[in-house]
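Since the structure comes first, as C-alpha cells, the remarks are kept for the end.
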Amino acid sequence: MRVCVATTVHHPEDARIMHRQIRALLDAGHQVTYVAPFTYFNVTPPMGLDPVDVPYGGHFGRAAAGLRRGLRGADLLLVHDHALLRLLPHRRPPVVWDVREPVAPRRLARAERRYHVCSSSVVPEATVVSPNPPAPGDTRVVHLGRLSAERGLAELIRLAERLAPHGIRMELIGAAEPGVRPLLRDAQRVGLLDWYGHVPNRHALRMAEGALAGLSLAAETVTGVPTKVLDYMGRGLPVITTPQAAPLVEGVGCGIVVPLNVDAVVDAVLDLKEDPARRVAHGARGHAEARLRHHWPDQAPTFVARMEAWAGLTAPVRHRAVKTPLSRTA
C-alpha cells in the first residue's frame with residue numbers, strides 16, 4: 001500500500017505524524033509519500049519516505065499542486081489539516097481526516113459522509129513509554145509542545161519568574177507561534193528560563209526525564225487531554241495541569257489539577273518540591289497507567305489495520321519484523 005500523508009500547518013517532525021503514524025506504516029511494509037512544509041521549518045526530509053515540499057499555511061494553489069503530486073499512485077490519503085480537504089482533486093483515493101482537536105458535531109457529520117475520520121475514539125492518543133525512567137528531581141519543571149498564547153505562554157513566563165528564587169528552572173521544549181517568540185527571547189535573555197525550540201520527539205522526551213513536574217497549562221478554549229500529559233506520564237513525571245486533563249490525572253492519581261492561575265501553579269510546584277515521596281508516587285502511578293493503556297507500540301497495529309481497511313485492501317500485508325530505516329539524509 002502507498003499512503004500519502006499530508007499537512008501544511010504542522011512541523012514535519014510532528015510526533016503524532018512522523019514518529020507514530022508514518023513510523024507505524026513504514027514498519028508494516030507500506031510506502032509513504034509525505035507532503036509537508038520541509039523548507040519552511042528548515043527540515044531535511046528523512047530517508048525511507050518520498051517527500052513533497054509545500055509552503056506553510058495558506059498558499060492554497062501551491063499546496064494543491066503538491067497534494068496532486070503526492071497522490072500519484074497513492075492508495076490512501078491521510079490528511080492532517082481540515083483546510084486541505086477543500087483542495088482535494090476530483091479523482092483521488094479514499095481520504096482519511098486525522099482529527100486532533102474537538103470538531104463541531106455538524107461539521108464532523110458532514111465530513112463523515114465524505115471521508116473516513118480518524119479520532120481518538122478510533123485510535124487512542126498515545127506516547128512512547130520509557131521502560132525505566134529516572135525518579136523526578138527537584139530543580140526544574142518542563143513544558144513540552146508548541147507554545148502560544150492560548151497554551152499558557154504568558155503564564156509560563158510569569159511562573160518561571162516566580163520559581164527562580166526557589167531554585168527551580170523552567171525548561172520549554174517546543175516551537176513557538178511567531179507572535180510570542182519575542183516574549184520568549186526576552187525571558188531567555190534575562191535568564192528566566194531555557195527555551196530550546198523544536199526538538200525531535202525522542203530527544204525531547206529524554207530531555208524531560210528527571211524533572212520535578214511536567215506542565216500543561218492550556219486555556220479553557222482548549223478541550224481534551226493534551227498529548228503532552230501522556231508524554232509526562234510515560235516518562236515518570238508528576239503532571240501539573242489545568243482542568244482539561246482532570247479526569248485522567250485525578251483518576252490515576254498522577255499529578256495536580258490547578259486553575260490557569262500562576263499562584264495556584266506555584267503552590268503546586270512548591271508542594272511537590274517539598275514532598276519527594278509524593279512526586280515519586282505521582283510519577284510511578286502515571287508511568288504504570290501510560291504503559292498499560294497509552295503505549296504507542298501497542299496501538300500502532302490497530303492504526304495500521306484501520307488504514308489498510310479504509311484503503312480497501314482485501315487482506316493486510318505481512319508486517320515486517322525489522323524496522324524500515326527512517327533517518328536523515330546527509
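Considering every residue within the range 19-28, establish whether at least one is of a type in the set (A, V, I, L, M), within 29 Å of Pro102 (Cβ to Cβ), in contact with a Pro (Cβ under 9 Å, 6 or more places away or on another chain) and modelled with pLDDT under 95.
No, the range 19-28 contains no residue that is of a type in the set (A, V, I, L, M), within 29 Å of Pro102 (Cβ to Cβ), in contact with a Pro (Cβ under 9 Å, 6 or more places away or on another chain) and modelled with pLDDT under 95.
Please name all residue pairs, on different chains or six or more residues apart, with Cβ atoms under 6 Å, provided the first residue is in the range 287-303 and is more than 27 Å from Ala211 (Cα to Cα) and the second residue is in a helix (DSSP H, G or I).
Short answer, once both residue conditions are applied: Ala300/Ala24; Phe303/Ala24.
For the range 5-108, which strands (runs of 3 or more DSSP E) that fit wholly inside it have 2 or more residues that are within 27 Å of His295 (Cα to Cα) and open to solvent by less than 40 Å² (accessible area, probe 1.4 Å)?
Where strands (runs of 3 or more DSSP E) fall fully within the range 5-108 and carry at least 2 residues being within 27 Å of His295 (Cα to Cα) and open to solvent by less than 40 Å² (accessible area, probe 1.4 Å), they are 31-36, 76-79, 95-98.
Would you list the strands (runs of 3 or more DSSP E) that sit entirely within the range 163-276 and hold 3 or more residues that are over 15 Å from the mean Cα position of the chain (by Cα)? Before the answer, list the steps.
Numbers: elements: 169-173, 193-195, 213-216, 239-241, 255-257.
Output list reads 169-173, 193-195, 239-241, 255-257.
Would you pick out the residues in the range 263-290 that are crowded, with 20+ Cβ neighbours inside 10 Å and among the β-branched types (Val, Ile, Thr)?
Val265, Val269
Of all the residues that make up the range 113-156, how many are surrounded by 23 or more Cβ atoms within 10 Å (Cβ to Cβ), at pLDDT 95 or above and not in a strand (DSSP E or B)?
2
Please state which one of Arg279, Arg328 is modelled with pLDDT of 95 or more and touching a strand residue (DSSP E or B) at 6+ places or on another chain (Cβ under 9 Å).
Details: Arg328 fails: modelled with pLDDT of 95 or more.
Result: Arg279 is the single residue among Arg279, Arg328 that is modelled with pLDDT of 95 or more and touching a strand residue (DSSP E or B) at 6+ places or on another chain (Cβ under 9 Å).
The values are calculated or read from the model by the stated rules, or taken from the named source; none is laboratory data. This structure is a prediction, so every number in the text was calculated from the model and none was measured. Heads up, the Cβs are rebuilt from the backbone with ideal geometry, glycines too, and the neighbour counts pull from every protein chain shown. When the accessible area is computed, the model is the full protein with side chains, heavy atoms only, and any ligands, DNA or RNA have been set aside. Shrake-Rupley method; radii C 1.70, N 1.55, O 1.52, S 1.80 Å.
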